[in-house]
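**Student:** First the structure, which I've put down as structure tokens, then a few questions once you've had a look.
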Amino acid sequence: MEITEKKLPIKEQMLLLIYSLILYFFKRFGLPEGKFTLFKRLEDYYRDAKFSAEELETLIDEVNQIKTLFSENKGLTLQLNQLLVVFEKGFKEQKSIWVFCD
């Protein structure tokens, strides 16, 4: 029995957004230890990350919590909202999200 996964393609601009978020969160501020475990998969710039369709609801919740933590930073909130568009589309269509390092 062959198992195939639906994949949601990510445009180059989304990769740049994700990498800027990685640098912002993980290098400049950091995130609380033991929290946001799905989002922290993006921490390693040189490693691919995959989010299964089943994980996307939790990932969306994590991003919303992060938005609350950094709500005073409107530029960052805007970037997180753009990232949420991709995650929510994947969730709605039940497709995995793949983030490939370059």
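The values are calculated or read from the model by the stated rules, or taken from the named source; none is laboratory data. What you see is a predicted model; the values in this text were computed from it and never measured. Cβ sites come from the backbone with ideal geometry, for glycine too, and all protein chains shown count toward neighbours. In case anyone asks, the SASA skips ligands and DNA or RNA and just uses the protein heavy atoms, side chains included. Shrake-Rupley method; radii C 1.70, N 1.55, O 1.52, S 1.80 Å.
**Student:** Here's a check for you: in the range 73-102, which residue that is of a type in the set (Gly, Ala, Ser) and touching a Phe, Trp or Tyr at 6+ places or on another chain (Cβ under 8 Å) is surrounded by the most Cβ atoms within 10 Å (Cβ to Cβ)?
**Tutor:** Gly90
**Student:** If you scan the range 61-102, which residues turn out to be β-branched (Val, Ile, Thr), farther than 16 Å from Phe36 by Cα, assigned to a helix (DSSP H, G or I) and in contact (Cβ under 8 Å) with a residue 40 or more places away in the chain?
**Tutor:** Across the range 61-102, the qualifying residue is only Val86.
**Student:** Taking the conditions exactly as written (at pLDDT 85 or above, more than 17 Å from Ile97 (Cα to Cα) and open to solvent by 70 Å² or more (accessible area, probe 1.4 Å)), does Thr37 satisfy them or not?
**Tutor:** no
**Student:** Another one. Given Ala49, Ala53, which one is at pLDDT below 90 and open to solvent by less than 60 Å² (accessible area, probe 1.4 Å)?
**Tutor:** Answer to the check: Ala49.
**Student:** Can you find a residue that is part of a helix (DSSP H, G or I) and β-branched (Val, Ile, Thr) anywhere in the range 46-60? Don't jump to the end; show me each part of the working.
**Tutor:** Taking the range 46-60 and keeping what is part of a helix (DSSP H, G or I), we get 53-60.
Checking which are β-branched (Val, Ile, Thr) leaves us with 58, 60.
Yes, because at least one residue in the range 46-60 is part of a helix (DSSP H, G or I) and β-branched (Val, Ile, Thr).
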